Ligand SMILES: [Zn+2]
């Protein structure tokens, strides 16, 4: 352990004691995209003992410009993001444990994901999941770090339930309506923006895990890399906040996950909870019907009509080029069946 971590152990804020604390820490990274790959890379290299990575998606060519753990081979092989990431991370540090979970994060799945976790890093790209993270974090008293990046601007905010200084819903009582916010799809994003946001998220995580809590930034940190602006914005706790004051965890308690739209790539996800699918059987059935289909150990990929469909072992499917939920459900019923 000495040699690998010597440069950070020599840093006065960490030392031998801090290194030992990192080794005994468990971190949940929600989302394995632009922020998640940078965060996971950092956490692996600094020697966090246990990293749980969750993501529902697979690697695509348009990910490579900012999602640092992936390469062209992963695109070619239709690799799920968490598996492609875990393959790289294990080669970087074999002394730590990486737990990679290919699943949608929703009100049914998130509680299990947050079990025995010291801190949660929000590396998602949507507010729906962030409100869910906020609920589970405050229900279980786990700190979490919000990260957002769009274009050349990004923001980071640390939330620590035990400090009782407010939560995401104090900042914004309800999520912005779907479609009302710019997305990476419409506005684009620089890899420098996502990189810096993820670096700051990791940095605050290190402070938390090594008991340097007084050094943690409590304000919302806002950065714009095009205008070279860094601002600290003070946020106030809402004294009547439904979540952190009244303890009403509405997003977590709503146990009816639905088919959801995915940010960005013109895709719709269909998810029927707990309907396991025998991918090999499905592969044979489709192949016999002369459909162009590929199988890897994690997912089945088929191209049919104008659609590009990925089916996972838990019955979940991501359907590209479907424009409505109904259309996506119809395609699912036609080729996969339920
Ligand atoms: Zn609150």
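Please give the length that would be gained between residue 99 and residue 77 if that part of the chain were fully extended, namely 0.36 nm times their separation in residues minus their C-alpha to C-alpha distance (nm, one decimal). List each step's numbers first, then the result.
Working: separation 22, 0.36 × 22 = 7.92 nm, distance 2.08 nm.
Extra length from residue 99 to residue 77 when fully extended: 5.8 nm.
What nm distance separates the two modelled labels at residue 17 and residue 234, each placed 7 Å from Cα along Cα→Cβ?
3.1 nm
For the chain, what is the calculated [θ] at 222 nm in deg cm²/dmol (nearest 500), taking -39500 (n - 2.57) for each run of four or more DSSP H residues and dividing by its residue count?
Numbers: 13 runs with 117 residues, N = 338.
So the calculated ellipticity at 222 nm is -10000 deg cm²/dmol.
Compute the separation of the alpha-carbon centres of segment 307-337 and segment 1-58 and state it in Å as a whole number.
The two parts, judged by their Cα centres, are 36 Å apart.
Once you compute Rg and the Kirkwood Rh from C-alpha atoms, what is the Rg to Rh ratio for segment 24-107? Please list the in-between numbers first.
Numbers: Rg = 11.9 Å, Rh = 12.5 Å.
Computed over Cα atoms, the ratio is 0.95.
Mind giving me the FRET efficiency for residue 323 and residue 275? R0 is 22 Å, r the Cβ-Cβ distance, nearest 0.05 is fine. If you can, show how the numbers build up before the last one.
Values: r = 24 Å, r/R0 = 1.11.
With a Förster radius of 22 Å, E is 0.35.
What number do you get for the chain when its Cα radius of gyration is normalised by 2.2 N^0.38 Å, N = residues?
On the way: Rg = 20.3 Å, N = 338, 2.2 N^0.38 = 20.1 Å.
Compared with the compact-globule rule of thumb, the chain sits at 1.01.
Quick check: pseudo-label points 7 Å beyond the Cα along Cα→Cβ at residue 226 and residue 303, how many nm apart are they?
Output for this residue pair reads 3.5 nm.
Run the quick spin-label model on residue 10 and residue 288: label points 7 Å from Cα toward the beta carbon, then report their separation in nm to one decimal.
Placing both labels 7 Å beyond Cα along the Cβ direction yields 6.6 nm.
Translational D (Stokes-Einstein, µm²/s) of segment 185-227 at 37 °C and 0.692 mPa s when Rh comes from the Kirkwood sum over C-alpha pairs?
My calculation gives 275 µm²/s for D.
Given R₀ = 30 Å, FRET efficiency for residue 3-residue 24 by Cβ-Cβ distance, to 0.05?
Working: r = 20 Å, r/R0 = 0.66.
With R0 = 30 Å, the Cβ-Cβ based efficiency is 0.90.
With a 10 Å radius around each residue's Cβ, average the other Cβ atoms per peptide and rank 200-211, 57-68, highest first.
200-211, 57-68
Using packing as a proxy for protection, rank 21-29, 70-78 so that the peptide with the highest average count of other Cβ atoms within 10 Å comes first.
The densest-packed peptide leads the list: 21-29, 70-78.
Expressed as a whole percent, how much of the Cα-Cα distance distribution for segment 260-335 exceeds 20 Å? Before the final figure, lay out the partial values.
Working: 689 of 2850 pairs.
Roughly 24 percent, once rounded to a whole number.
Report the FRET efficiency, 1/(1 + (r/R0)^6), for residue 242 and residue 217, where r is their Cβ-Cβ distance and R0 is 22 Å, rounded to 0.05. Kindly include the intermediate steps, with their values, before the conclusion.
Details: r = 25 Å, r/R0 = 1.16.
Efficiency, from the Cβ-Cβ distance: 0.30.
Gap in Å between the Cα centre of segment 181-238 and the Cα centre of segment 81-135?
Distance between centres, Cα-based: 19 Å.
Using a 10 Å cut-off around each Cβ, can you sort 248, 227, 55 from fewest to most neighbouring Cβ atoms?
Details: 248 14, 227 8, 55 26.
Ranked by crowding around the Cβ, least crowded first: 227, 248, 55.
FYI, it's all coordinate maths here, none of it is from the lab. Only a predicted model underlies this, so the values are computations on that prediction, with no experimental measurement involved. Heads up, the Cβs are rebuilt from the backbone with ideal geometry, glycines too, and the neighbour counts pull from every protein chain shown.
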